[in-house]
Amino acid sequence: MKLETRPGPTEPSWGVVGRTTTGPLRSRDDREGLIREVESGVEYVLGDVAAKAGRPLPFPVWTRPVEGRYELDLGDEEAPPPISLDDLRRALHSARKSSATPPRERDLRTMDEAFLKLLAAIEALHALGLGAGLLQPSNVLVDVEPSGAVSRLLLPDVGFVYFRGIVPQWLRNGEVKVEKQAFAGLWDYEPQEMNERAVDRRIHPKLARKFPDTSKGGRADEEFDPNVDLRTAARLFAWLLSPDGKVRKTIPTRDRASWAKAEVWTVLSDVLSGEISSAPEFRARLEERPQTLPSHHFHEQVAPPDLTPPRRRWAGLLLVVLLLTGSFAGYWFFVRKVVPPRAHELCERCLETSPLYHLLDEYLAAKGDPVREVAIVERMYDSKTYAAQGAGEPERECRDTIRKMTISRLETASVALRDRAYRAPNPIRDGKEARGLEATFATLFALENHRKPNPDSEYPPWLTQLLKLVGELA
């Protein structure tokens, strides 16, 4: 791998963690590679975890020849440097801007294989009880062969975890004198909380004890949720495919974005709604048919060739110009003060004129409080007020999507509640703990009723078990 000492606009950035340079490797006297120095309190946990488990990873890992210094051997020094997802997006969309033909088949193959290899890496990490963390375009890189095939995936930031001490710059977002991170919208939580959720503390109790229990921002009881990485990957893929390059929390629908018609957008939407809940399932859905691969998105956008004779083409263009001019004049004189309603960031089908809009605002404000979240979802299903406000099909779809997301999150959070109840010294006499659990599970029960309106239908095992626990504690 031929390395450059001065990064340029087309050279890899090697992620955001610590300070990364190139130079001679202490672990390999005859080679050059990456050298990374990290902040105090930051450790690389992936190498030891993978070695103890005896499981090979589908991407290279860092070594630590001396304290505070990590090295990454990239192999062949004469090979072309890897490209990041940022580079890949520029190649794909520059071709779309210059002509009506799709990007080169070489680039499309690279994109498909990069997506699939990233999901394979996430699957391997979850098997080890670790998360992918703060994935973003600059820290997902691939080595590409002349045919476009991806020979290797590089994830230089995965495995680095901040435990204690001064919070490093790459975990700050929008604080005093700190700019907002451009790709923070890819993640479910703020960077520090994403870092704290990157380790399954039940599998790695020694690593769990390194997190401060009471320091500012410490979350010793946070549960590991693999679906967080899946949603990050889905948003990252959506960013790469979208022509405007916007970072979105939700996946655009066909009726809101004319360019979101390929089947891959349905797959990404199913990930965010919780219908796809594992990396193998995510990968299988993408590989199901050629039409579900990400590359089909660009084939779907190709315009048919223009076979109109030149003279008639100019006449048609003139007619279009006249029609547009007339339309603009009509707009200027009659409706120039009318501003199109905005769409909500949680659901692009819900406009600010919708009765559901203010409830979605409340839902955002209640993030992290399951009782409030479920209460707001219940208000979305209030038949009396909802029917009186004239909600239509778009609002119903938004409402159902929010419901599925809430159920998925609470199903995961319920495990933590159950474990915390079992760890309580005197759970039966602790009235406050019991009342809190009763209120939480009552809302879970009500929300499950919305999903299964038939009162005779059986509830899933996780809910049955939790309701039983409430009866024991009450």
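The values are calculated or read from the model by the stated rules, or taken from the named source; none is laboratory data. Owing to the predicted nature of the structure, the values given are computational and were not obtained by experimental measurement. No Cβ is skipped: glycine too gets one built from the backbone with ideal geometry, and neighbour counts run over all protein chains shown.
Some notes on this structure:
- Single residue of the range 91-111 satisfying the filter (assigned to a loop (DSSP other than H, G, I, E, B) and surrounded by fewer than 18 Cβ atoms within 10 Å (Cβ to Cβ)) that is modelled with the highest pLDDT: Arg104
- Residue that is in a loop (DSSP other than H, G, I, E, B), closer than 28 Å to Leu364 by Cβ and not hydrophobic (A, V, I, L, M, F, W, C), where the choices are Gly185, Gly165, Gly133, Gly148: Gly133
- Helices (runs of 4 or more DSSP H) wholly inside the range 315-402 containing at least 3 residues that are modelled with pLDDT of 75 or more and either under 18 Å from Thr250 (Cβ atoms) or in contact with a Ser or Thr (Cβ under 9 Å, 6 or more places away or on another chain) (or both): 357-365, 370-380
- Residue within the range 200-208 that is in contact with a Pro (Cβ under 7 Å, 6 or more places away or on another chain) and surrounded by 14 or more Cβ atoms within 10 Å (Cβ to Cβ) present: no
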